[in-house]
Amino acid sequence: MHDFKYVHGELYCENVPVAALVKRYGTPLYIYSQNTLEQHFRKLDKALAGLDHLICYAVKANSNLAVIRVLADLGSGFDIVSQGELMRVQTAGGNPRQCVFAGVGKTEAEIRYALEQNIYCFNVESEAELQRIERVAARMKRRAPVAIRVNPNVEAHTHAKITTGTYENKFGIAFEQVPALYARASKLKHLHLRGVQMHIGSQLTEVAPFRQAVEKVAPLAAALKQRYGIEFFSIGGGLGIVYDPALASGQPEWWQRPQAKSLLTPARYAEALVPLLQPLGLKVLIEPGRFIVGNAGILVTRVEYLKRTGRKNFVIVDAAMNDLIRPAFYDAFHEIVPLRKKSGASTATDVVGPVCESGDYFCKDRPLPRLKEGDYLALLSAGAYGSVMGSNYNSRPRPAEILVTGKRHAVVREAEALPAIWQNEKLAPWQKR
Ligand code: LLP
């Protein structure tokens, strides 16, 4: 579900014509729909109503302050992976007491800061990290809340680069080693064993791997509750979204269509997992990123040139892999639509950016309507892992970001000005003349 749709042949974000935003702010331009964000959060929240639960939005998916604030206002907690993300949450008005801190490489400084800010829990990824947290907490004369991240060794059937829950991955503690590690951790005086956590991967489109992982880890969670009084079980994030145009064509309830029956929805997710989780009597945390923000954002770009070489039909646009790296990095599919609906035959087209790499493309041989210089295109489902994975490669400034609600809009990130890209650089003293 999302709020980007055609009205009389023109693409709208909620009640705002995208073309009007483009006229005012130029391209490339990220646009987010507040209503979509809210609806996704609420859908999940409602599906999990049978459980004592907390949704901890995975900030890494989109850390714009305004996006964080929308979710904070709905009572969301946050899954963070760095001091920077924690500070963003605080700056946006989120509550550090509802933050869980994940990641395999937390530094001492980050642990200290997070403890000072009274975060809800550290999701711990190794024994060495457990010992480091113990040391930092001892120095601060504090007890640090921790949960061990279990690697359940379950295949998530998603892209290799975003599978996290098998023994091929760097994440978590192998399932078999977890009980002994809790036993050792329980002897460390400055730790408070607050929960247990797992996360098997991202962009999962079936419920089976989630079910398998929860079935495997739930008995362990029950045992940890009994033995150490843990209070929560976090089952991670990973709910996939529909990137495919056949299913994501703006139909408000696309998942009710027959061909979408096997797709993952909050209702299906909850239907499969709530019965397994409820008997535990633990608070359940989930850490969705993409599900909440993925379809809530688009990246708008302008057609700069058309070019035919050999047998290929290239459309060169003003956005590039530095703005949205997912197609280049994961071969990800993003639906591409013109701002003004076009009729007529479509042609196999490669939409490519200006960056000097062959990997700088948004699609290859995709049937698209005939385009011309000056047309505008929207890359859909760009709200998650879009802007956050952006860079200044080729010294390209980062685009502006707009938040829309109903008829209103606001700039929630200014476009970067060109000298700002190199403002922290300087010549070495011996280069000065
Ligand atoms: N929790 C943990 C511990 C995670 O590592 C992640 C994502 C999440 C939650 C949120 O997962 P989500 O609900 O968004 O699937 N850049 C990649 C995705 C990387 C995901 C990393 N971890 C992409 O563009 O597809």
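Bear in mind that the values in this text are calculations on the coordinates, not laboratory data. Quick caveat: nothing in here was measured; it's all calculated off a predicted structure. Ideal geometry is used to build each Cβ from the backbone, glycine not excepted, and the neighbour counts take in all protein chains shown.
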| note | Under Stokes-Einstein, region 344-430 at 10 °C and 1.306 mPa s, with its Kirkwood radius over C-alpha pairs, diffuses with a coefficient in µm²/s of 97
| Quick one: of the DSSP bridges fully inside the chain, what percent are antiparallel, nearest 5? | 50
| task | Putting +1 on Lys and Arg Cβ atoms and -1 on Asp and Glu Cβ atoms, find which of ALA213, VAL104, GLY236 reaches farthest to the positive end of the dipole of region 103-286. | result | VAL104
| query | Taking region 11-125 as the region of interest, what is the percent of Cα-Cα pairs per 10 angstrom bin, listed from the shortest bin to the one with the maximum distance? | reply | 13, 38, 29, 16, 5
| task | Mind giving me the nanometre distance, one decimal, between the label points for VAL7 and ARG308, set 7 Å out from Cα along Cα→Cβ? | result | 3.8
| query | DSSP beta bridges in region 103-286, what fraction antiparallel, as a percent rounded to 5? | reply | 5
| field | Nonlocal amide H pairs with ILE148, under 5 Å, H built at 1.01 Å | value | VAL124, GLY195, GLN197
| field | Local net charge near LYS216, Cβ-Cβ under 13 Å (Lys/Arg +1, Asp/Glu -1) | value | -2
| note | Reduced to Cα centres, the span from region 311-332 to region 184-215 in Å works out to 35
| note | To the nearest 0.05, the calculated FRET efficiency linking ASN394 and GLN431 through their beta-carbon distance, R0 being 30 Å, is 0.80
| task | Kindly identify region 58-141 as rounded, prolate or oblate by the Cα gyration tensor criterion: order the square roots of the eigenvalues as a ≥ b ≥ c, call it rounded if a/c is under 1.5, otherwise compare a/b with b/c, prolate if a/b is larger, else oblate. | result | prolate
| task | Evaluate the distance, in nm, between pseudo-label points positioned 7 Å from the Cα of ALA174 and of ILE162 along their respective Cα→Cβ axes. | result | 2.8
| Does the chain come out rounded, prolate or oblate, given a ≥ b ≥ c as the square roots of the eigenvalues of its C-alpha gyration tensor, rounded meaning a/c under 1.5 and, failing that, prolate meaning a/b above b/c? | prolate
| note | Residues meeting the amide H criterion for LEU54 (H placed from the backbone, H to H distance under 5 Å, 5 or more places apart or on another chain) are VAL284, LEU285, ILE286
| query | Stretched out fully, how many nm does the piece from GLU357 to SER343 gain, at 0.36 nm a residue minus the Cα gap? | reply | 1.8 nm
| remark: Shape call for region 279-433, from the Cα gyration tensor axes a ≥ b ≥ c (a/c under 1.5 means rounded, otherwise prolate when a/b beats b/c, else oblate), comes out oblate
| note | GNM of the chain, Cα pairs under 10 angstrom: of ALA20, ALA47, ALA420, the biggest fluctuation goes to ALA420
| Fewest to most neighbouring Cβ within 10 Å: what's the order for THR163, THR347, THR405, THR301? | THR347, THR405, THR163, THR301
| So what's the gap between the Cα centers of region 88-166 and region 356-420, to the nearest angstrom? | 32
| request: Binning at 10 Å from 0, report for region 103-286 what percent of all alpha-carbon pair distances ends up in each bin. | output: 9, 34, 31, 17, 7, 1
| field | Net lengthening on full extension, LYS364/ARG142 (0.36 nm per residue, minus Cα-Cα) | value | 74.4 nm
| request: Among the aspartates and glutamates, select those whose C-alpha is under 15 Å from the C-alpha of LYS283, and discard any that sit fewer than 8 residues away in the same chain. | output: ASP45, ASP52, GLU231
| said: Once you place label points 7 Å from the Cα toward the Cβ at ARG42 and GLN90, how far apart are they in nm? | reply: 3.2
| Which length gain, in nm to one decimal place, applies between ILE421 and ASN15 when the Cα-Cα distance is subtracted from 0.36 nm times their residue separation? | 142.8 nm
| note | Karplus ³J(HN,Hα) for region 151-157 (6.51 cos²θ - 1.76 cosθ + 1.60, θ = phi - 60°; Hz, whole; x = Gly/Pro) runs 9, x, 6, 10, 6, 8, 6
